[in-house]
Amino acid sequence: MKDIVWKIKSFKELSSQELYAILKVRQEVFIVEQTCFYLDADSYDQKALHLWAEKEGQIVAYCRIFNEGIKYPETSIGRVLTHPSARNLSLGKTLMSFALQAIETQFKTRKCRISAQDYLLKFYSSFGFTDTGKKYLEDDIPHTEMVRN
């Protein structure tokens, strides 16, 4: 897709406009669409790499990536989303491929842990993640911890 622009930046590299757009899309998907009332600004953004896709100046896919020892002993990926307007473009697959590539390039490891919403277990399994057996409710949404070695 030639009209999609991919970006990856540390927190310090983000412009105020980019940070605003990231927070806005996360709120649109996780708070408004999924009706989960939680504090999204959790003091981890400053420690993350931010990976996103833009189409016509709007963020249409996003995740944040952490080095080992920040969220889990392994590297991790979180706040994975595709904007509702772009869910038919297979951006989630590209996003995860780029995120895993960034982990291997930036952090020199394949090990990664995620907290997956249960309806996405098959999706994450396709990237080599396996169910750890740790299941829990987060904001009334069933989640499973998954790991990739």
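Each reported figure results from applying straightforward, stated rules to the coordinates on display, with no laboratory input. Please read these numbers as outputs of a predicted model, since none were measured by experiment. For neighbour counting, all protein chains shown are included, and Cβ atoms are generated from backbone atoms with ideal geometry for every residue, glycine included.
Each residue of the stretch 76-85 in turn: what ³J(HN,Hα) in whole Hz from Karplus with 6.51, -1.76, 1.60 and θ = phi - 60°, glycine and Pro shown as x?
Working through the residues one at a time gives 8, 10, x, 6, 6, 8, 10, 4, x, 6 Hz.
Taking the chain as a Gaussian network, where each spring joins two C-alpha atoms under 10 Å apart, which residue of I59, I22, I70 fluctuates the most?
Highest fluctuation of the listed residues: I70.
Give the range of the longest stretch in the chain that excludes all trypsin sites (Lys or Arg not before Pro) found in loop regions by DSSP and having at most 10 other beta-carbon atoms within 10 Å.
3-107
Roughly what would the spin-label model give for K9 and T109, points 7 Å off Cα along C-beta, in nm?
Once both label points are built, they end up 2.7 nm from each other.
Can you work out D for the stretch 26-149 in µm² s⁻¹ from Stokes-Einstein, where Rh is the Kirkwood radius over C-alpha pairs, the temperature is 25 °C and the viscosity is 0.890 mPa s?
Here the translational diffusion coefficient equals 165 µm²/s.
So what is the 222 nm mean residue ellipticity for the chain from helices alone, if each DSSP H run of at least 4 adds -39500 (n - 2.57) and you divide by all residues, rounding to the nearest 500 deg cm²/dmol?
About -6500 deg cm²/dmol.
Kindly state, to the nearest 0.05, the FRET efficiency for K2 paired with T130, given R0 = 35 Å and r defined as their beta-carbon distance.
That pair, K2 with T130, gives E of 0.50.
Explain nothing, just compute: Karplus ³J(HN,Hα) = 6.51 cos²θ - 1.76 cosθ + 1.60, θ = phi - 60°, for every residue of the stretch 11-16 in order, whole Hz, x for Gly and Pro.
Working through the residues one at a time gives 4, 5, 7, 5, 7, 5 Hz.
Determine the relative contact order of the chain: mean sequence separation of Cα pairs under 8 Å and six or more apart, normalised by residue count, in whole percent.
For the chain, the relative contact order is 18 percent.
Set the bar at 29 Å for Cα to Cα. Now go through K71/K122; K24/K108; K7/K134 and name every pair that lies beyond it.
Exceeds cut-off: K24/K108; K7/K134.
When a footprinting reagent is the concern and you count Cβ atoms within 10 Å, what order do D45, D139, D3 take, fewest first?
Listing D45, D139, D3 from fewest to most nearby Cβ atoms yields D3, D139, D45.
Only Lys, Arg, Asp and Glu count, each charged at its Cβ (+1, +1, -1, -1), so figure out the dipole size of the chain about its Cα centre, rounded to 20 debye.
Dipole of the chain, to the nearest 20 debye: 520 debye.
Check each of the chymotrypsin sites (Phe, Trp or Tyr not before Pro) in the stretch 18-96 and keep only those in coil by DSSP with at most 13 other C-beta atoms within 10 angstrom; list them in order.
Sites meeting the loop and neighbour criteria: F37, Y38.
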